[in-house]
Amino acid sequence: MSLRIALLGAGRIGRVHAKAIASQSNATLVAVADAFEAAANEVAGEYGCDVRTVDAILAADDIDAVVICTPTNTHADLIEKFARAGKAIFCEKPIDLDLKRVRECLAEVEDCGATLMLGFNRRFDPHFAAVKDAITTGKIGKVEQVNITSRDPGLPPLDYIDVSGGIFRDMTIHDFDMARFLLGDEIATVQASASCLVDAKVAEHNDFDTASVILTTGSGRQCVISNSRRATYGYDQRIEVHGSDGMIAAENQRPVSIEIANGDGFTRPPLHDFFMTRYTEAYAAEIAAFVAAINDGTAATPSGKDGELALALAEAALKSEAEGRAVSLTELV
């Protein structure tokens with residue numbers, strides 16, 4: 001069966017997903033919707049799909065599933081609408097910036113019996129997935145410590161910061177999900193510290209550009225996350241997991257993996273310049289997993305609950321930074 005998919009949102013991340021859908025042999029991009037007609041027309045022209053309104057997609061009999069890549073403040077409403085319409089849903093993170101609203105949305109999804117998968121694409125990166133596999137198969141024993149380094153090449157536009165929900169909800173949320181994925185144990189407390197070291201104007205927009213977080217599980221396992229909005233050397237994405245019997249690491253990736261040795265020393269090509277190229281394989285793999293879950297009738301993962309828990313960690317980090325203390329997840333009822 002070829003899953004018939006509509007894309008909601010033809011912006012930067014929407015185009016990434018359009019390419020991922022087109023790479024699947026058992027899925028078809030049927031339609032695209034975007035508030036900006038030119039953007040929708042461009043995607044339609046490239047992938048041979050229709051341009052339709054959201055309402056037309058909602059009522060369509062020739063669409064089985066939607067991939068939501070619209071602005072964050074539209075996610076929860078769209079998820080609920082398409083859940084009621086009986087269509088499977090893939091949505092970029094987060095479901096909403098408000099934890100209460102996320103929980104309301106997930107209750108509606110559950111009542112409708114709808115399929116919902118969240119876009120935490122890093123779980124599907126082949127390098128990070130290999131780390132998880134090594135953990136699962138016992139190659140390093142019991143996990144004790146995880147270190148996640150995630151640094152962007154540069155600041156996003158300041159007007160984006162205003163609507164992003166801030167660094168913890170927008171950037172670190174991927175690392176919160178990865179921490180849960182690798183630790184295999186739910187996080188109990190969050191200790192966060194954040195600053196504005198890249199650009200003082202970020203503080204004027206009530207956000208940070210540099211952050212460190214310590215997560216501790218109920219059994220005492222730890223994860224340390226290091227974030228920055230500035231890495232002059234490229235898109236810095238590394239993971240290290242230490243266990244009772246050893247350690248496994250996923251290093252930075254480059255478009256070309258070569259090393260040159262000459263009289264000037266050893267040199268390698270630069271890192272990927274951002275997520276669109278670094279995580280190309282991950283985006284294709286997560287869409288493949290979404291399609292497989294629907295076609296096979298299996299649970300879609302990461303789930304809406306995974307999205308809720310990652311946002312709860314972001315909320316705990318914000319509270320921790322503001323109050324200068326470790327925050328228990330039990331405080332976010």
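The values are calculated or read from the model by the stated rules, or taken from the named source; none is laboratory data. Here the structure is a predicted model, which is why all the values come from computation and not from measurement. Note that each Cβ is placed from the backbone with ideal geometry, even for glycine, and that neighbours are counted across all protein chains shown.
Inside segment 282-305, residues that are modelled with pLDDT of 95 or more, among the charged types (D, E, K, R) and surrounded by fewer than 20 Cβ atoms within 10 Å (Cβ to Cβ) make up a count of 1. Within segment 130-147, is there a residue that is among the polar types (S, T, N, Q), surrounded by fewer than 16 Cβ atoms within 10 Å (Cβ to Cβ), out of contact with any helix residue (DSSP H, G or I) (no Cβ under 6 Å at 6 or more places or on another chain) and part of a helix (DSSP H, G or I)? Within segment 130-147 (the criterion being among the polar types (S, T, N, Q), surrounded by fewer than 16 Cβ atoms within 10 Å (Cβ to Cβ), out of contact with any helix residue (DSSP H, G or I) (no Cβ under 6 Å at 6 or more places or on another chain) and part of a helix (DSSP H, G or I)), the answer is yes, since at least one residue qualifies. Restricting Cys105, Cys112 to residues that are in contact (Cβ under 8 Å) with a residue 24 or more places away in the chain, crowded, with 23+ Cβ neighbours inside 10 Å and more than 18 Å from Ile13 (Cβ to Cβ) narrows the list to Cys105. Can you report the number of residues in segment 64-95 which are acidic (Asp, Glu) and in contact (Cβ under 8 Å) with a residue 40 or more places away in the chain? Selection size over segment 64-95: 2.
The set of residues in segment 167-219 being within 18 Å of Ile148 (Cβ to Cβ), part of a loop (DSSP other than H, G, I, E, B) and not aromatic (Phe, Trp, Tyr) consists of Met171, Gly184, Asp185, Glu186, Asp209. No other residue among Leu197, Leu183, Leu215 is surrounded by fewer than 17 Cβ atoms within 10 Å (Cβ to Cβ) and of a type outside the set (Asp, Glu) apart from Leu197.
Considering only segment 105-119, how many residues are touching an Asp or Glu at 6+ places or on another chain (Cβ under 7 Å) and assigned to a helix (DSSP H, G or I)? Residues meeting the conditions: 3.
Among the residues of segment 73-84, how many are in contact with a helix residue (DSSP H, G or I) (Cβ under 7 Å, 6 or more places away or on another chain) and buried (at least 19 other Cβ atoms within 10 Å of the Cβ)? Adding up the residues that qualify gives 5.
Could you tell me whether Asp162 is among the acidic types (Asp, Glu) and either within 22 Å of Thr217 (Cβ to Cβ) or in the same structural domain as Tyr233 (by TED's automatic domain parsing) (or both)? Answer is yes for this residue. When the residues of segment 220-240 are narrowed to those that are more than 20 Å from the chain's Cα centre (by Cα) and part of a loop (DSSP other than H, G, I, E, B), which ends up nearest to Asn252 (Cα to Cα)? Once the filter is applied, the top-ranked residue is Tyr233. The condition (being touching a helix residue (DSSP H, G or I) at 6+ places or on another chain (Cβ under 8 Å), of a type outside the set (D, E, K, R) and not assigned by TED's automatic domain parsing to the domain that holds Val213) is satisfied by just one residue among Ala316, Ala293, Ala289: Ala289. If you go through segment 152-170 and keep only what is surrounded by fewer than 21 Cβ atoms within 10 Å (Cβ to Cβ) and in contact with a Ser or Thr (Cβ under 9 Å, 6 or more places away or on another chain), you end up with Pro153, Gly154, Pro156, Val163, Ser164, Asp170.
When the criteria are applied in full, Ile173 fails the requirement of being buried (at least 16 other Cβ atoms within 10 Å of the Cβ), without any contact (Cβ under 8 Å) to a residue 60 or more places away in the chain and under 30 Å from Leu8 (Cβ atoms).
Residues checked against (1) of a type in the set (A, V, I, L, M, F, W, C); (2) assigned by TED's automatic domain parsing to the domain that holds Ala249; (3) over 30 Å from Gln237 (Cβ atoms); (4) within 25 Å of the chain's Cα centre (by Cα):
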{"residue": "Ala39", "(1), (2), (3), (4)": "yes, no, no, yes"}
{"residue": "Cys49", "(1), (2), (3), (4)": "yes, no, yes, no"}
{"residue": "Ala83", "(1), (2), (3), (4)": "yes, no, yes, yes"}
{"residue": "Val102", "(1), (2), (3), (4)": "yes, no, no, yes"}
{"residue": "Ile135", "(1), (2), (3), (4)": "yes, yes, no, yes"}
{"residue": "Lys142", "(1), (2), (3), (4)": "no, yes, no, no"}
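Among the basic types (Lys, Arg), over 20 Å from Ala322 (Cβ atoms), in contact with a helix residue (DSSP H, G or I) (Cβ under 9 Å, 6 or more places away or on another chain) and modelled with pLDDT of 95 or more: is that true of Arg180 in this structure? Yes; evaluated as a whole, the condition is true for this residue. Does Ala249 meet the test of being at pLDDT below 95, of a type in the set (A, V, I, L, M), exposed (fewer than 15 other Cβ atoms within 10 Å of the Cβ) and on the phi < 0 side of the Ramachandran plot? Taking the combined requirement at face value, the residue does not satisfy it.
The numbered conditions (1) among the polar types (S, T, N, Q); (2) closer than 30 Å to Phe90 by Cβ; (3) free of Cβ contacts under 8 Å to residues at least 12 places away in the same chain; (4) in the same structural domain as Arg151 (by TED's automatic domain parsing) are all true for Thr267 except (2).
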